[in-house]
Amino acid sequence: MDKKVYNKIKLQYIKEKDIIIFQQLRNGIMGQTMNLPGKGGRKISVATYRLSQKVVGFN
């Protein structure tokens, strides 16, 4: 299964089970940052992920 398809299925599941959590995931700062279109959005997503790794201290 393709990763994009898998992620869409996960989001649909969360949306069906708890719409409030789904809205918080999609509309929060991390949700908005991770869903930017294009090459610039991908770079911002990777940079945000790396920053969060350093802050939380994993990997």
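Just so it is clear, none of the values below were taken in a lab; they were calculated from the coordinates. These figures come from a predicted structure and were not determined experimentally.
Observations
- Per-residue [θ]222 nm for the chain (sum of -39500 (n - 2.57) over DSSP H runs n ≥ 4, rounded to 500): -26000 deg cm²/dmol
- Rounded to whole Å, sorted largest first: equivalent-ellipsoid semi-axes of segment 3-56, Cα gyration tensor: 22, 14, 11
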